[in-house]
Amino acid sequence: MLKKSFILVLLIGLITGFIPQLQAQEDDNEMNIAGPGADFIIAGGIYFGGKGPAGYYSGKPENENNLNYIYGNKYIWRDQITRLIADNNNFISPNDTLVIGKDDYPEDMRYKPAMSVTLGISYRFDKHWRLTLYYSFARLTTVGGFNVQYTNYVPGNERPEFLTYNLVGKENRSFFDLTGSYTFHVNKVVKPFIELGAQFNFVRVKSFDAVIENKTYNLLDVYGGQTYVPGAGMQELDTRYGGAGFGFVGATGIKFAFNKGVSVDPCFYVSFGKVGLNGYKDFHFNYGAYVRLVMSDALFQH
């Protein structure tokens, strides 16, 4: 909520507080302004994925990829996991029943901050307005802990206990943003701007694993929801998880125009949209902080 309030205050401040002052100074600051033409953009920064879709990697039974895939399959993994846990924990017997209860799944999955790169091209209509197409890429990771319960059979003190293991999800995100922006010319160098537009995005789940006693188990279902049975002639499917989404984007920052050909634009970016993860397609916020290197076609003119 604090982040949303900060963004709102910042945008309102730009629009209502600064515009009159900026426009009053424009006529005296015509240097370092290229006329109509094209800009080429390279950018890098940090991307913060909203926590909503991270629940896809919580391992819960209602998710299309979940812990039941390995723990519910006696033929391949369940007995193997039980033996592995017993071998590494001398207080557990291979005959003990290990369970994952409804409250043993992580409830607060979050993405780690990720590096993001951007390429873009824009057309300048005049010194204020431009239309820009961006392509951005980020690789996101989320980690959460789940519990495996067992019963402590100390005579006279039987009680449930648990061990905690990790879930690790990794995904690639690609974004295409089409935005319109308005630049304010404070002086020859400093030029604040605001930007609004629409986004098309695409998510591809790269991996989803449970790490149990330092052994990694793949949780991406390659049998199409069917339980594997040895000797049944079942084949692994080339299943790809993820898909397309859309949303709205905005950015605000300052253009430091060193000449008509080159500027460096640090900016703060926010998007509000959906991603293509089954069961987690509600609208949510994402954020980013970027530094853009903008090269005008004036740089190549003689």
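Restricting attention to the range 102-144, the residues that are touching a Leu at 6+ places or on another chain (Cβ under 8 Å), without any contact (Cβ under 8 Å) to a residue 60 or more places away in the chain, in a loop (DSSP other than H, G, I, E, B) and surrounded by fewer than 19 Cβ atoms within 10 Å (Cβ to Cβ) add up to 1. Under the condition of being under 21 Å from F208 (Cβ atoms) and of a type in the set (A, V, I, L, M, F, W, C), which residue from the range 68-86 is modelled with the lowest pLDDT? Within the range 68-86, the match that is modelled with the lowest pLDDT is I76. Could you run through the range 167-199 and say how many residues are under 17 Å from the mean Cα position of the chain (by Cα) and closer than 15 Å to F268 by Cα? Within the range 167-199, residues that are under 17 Å from the mean Cα position of the chain (by Cα) and closer than 15 Å to F268 by Cα number 1.
Would you mind stating whether N166 is buried (at least 21 other Cβ atoms within 10 Å of the Cβ), touching a residue at least 24 places away in the same chain (Cβ under 8 Å) and in a strand (DSSP E or B)?
Working: buried (at least 21 other Cβ atoms within 10 Å of the Cβ): no; touching a residue at least 24 places away in the same chain (Cβ under 8 Å): yes; in a strand (DSSP E or B): yes.
So N166 does not fit the description; no.
Considering N214, N218, N187, the condition of being at pLDDT below 95, farther than 30 Å from I76 by Cα, of a type outside the set (D, E, K, R) and surrounded by fewer than 16 Cβ atoms within 10 Å (Cβ to Cβ) is satisfied by N187 alone.
Taking the conditions (1) assigned to a loop (DSSP other than H, G, I, E, B); (2) within 21 Å of M115 (Cα to Cα) in turn, Y287 satisfies each one other than (1). Is there a residue in the range 52-72 that is within 16 Å of L167 (Cα to Cα), in contact with a Gly (Cβ under 9 Å, 6 or more places away or on another chain), hydrophobic (A, V, I, L, M, F, W, C) and touching a residue at least 24 places away in the same chain (Cβ under 8 Å)? The answer is yes, given that some residue of the range 52-72 is within 16 Å of L167 (Cα to Cα), in contact with a Gly (Cβ under 9 Å, 6 or more places away or on another chain), hydrophobic (A, V, I, L, M, F, W, C) and touching a residue at least 24 places away in the same chain (Cβ under 8 Å). One residue alone among I7, I46 is surrounded by 13 or more Cβ atoms within 10 Å (Cβ to Cβ) and modelled with pLDDT of 95 or more, and that residue is I46.
Among the residues of the range 172-224, those identified as part of a strand (DSSP E or B) and among the acidic types (D, E) are D177, E195, D209. Do you know which residues across the range 281-302 are aromatic (F, W, Y) and at pLDDT below 95? Of everything in the range 281-302, just one residue is aromatic (F, W, Y) and at pLDDT below 95, namely F300. Selection of the range 233-256 for residues being in contact with a Cys (Cβ under 8 Å, 6 or more places away or on another chain) and either surrounded by fewer than 20 Cβ atoms within 10 Å (Cβ to Cβ) or not in a strand (DSSP E or B) (or both) yields only I254. The residue that is farthest from F193 (Cα to Cα), among those in the range 257-302 that are surrounded by 14 or more Cβ atoms within 10 Å (Cβ to Cβ) and out of contact with any strand residue (DSSP E or B) (no Cβ under 8 Å at 6 or more places or on another chain), is Y280. Checking V148, V99 one by one, the residue that is touching a residue at least 12 places away in the same chain (Cβ under 8 Å) and surrounded by 15 or more Cβ atoms within 10 Å (Cβ to Cβ) is V148 and no other.
More than 25 Å from the chain's Cα centre (by Cα) and in a strand (DSSP E or B): which single residue out of S271, S263 fits that description?
Details: S271 fails: more than 25 Å from the chain's Cα centre (by Cα).
Answer to the selection: S263.
Scoring D87 on the criteria (1) out of contact with any Ser or Thr (no Cβ under 8 Å at 6 or more places or on another chain); (2) surrounded by 19 or more Cβ atoms within 10 Å (Cβ to Cβ) leaves a single failure, condition (2).
The values are calculated or read from the model by the stated rules, or taken from the named source; none is laboratory data. Values in this document were obtained by computation on a predicted structure and should not be read as measured data. So basically every Cβ, Gly included, is an ideal-geometry build from the backbone, and we count neighbours across all protein chains shown.
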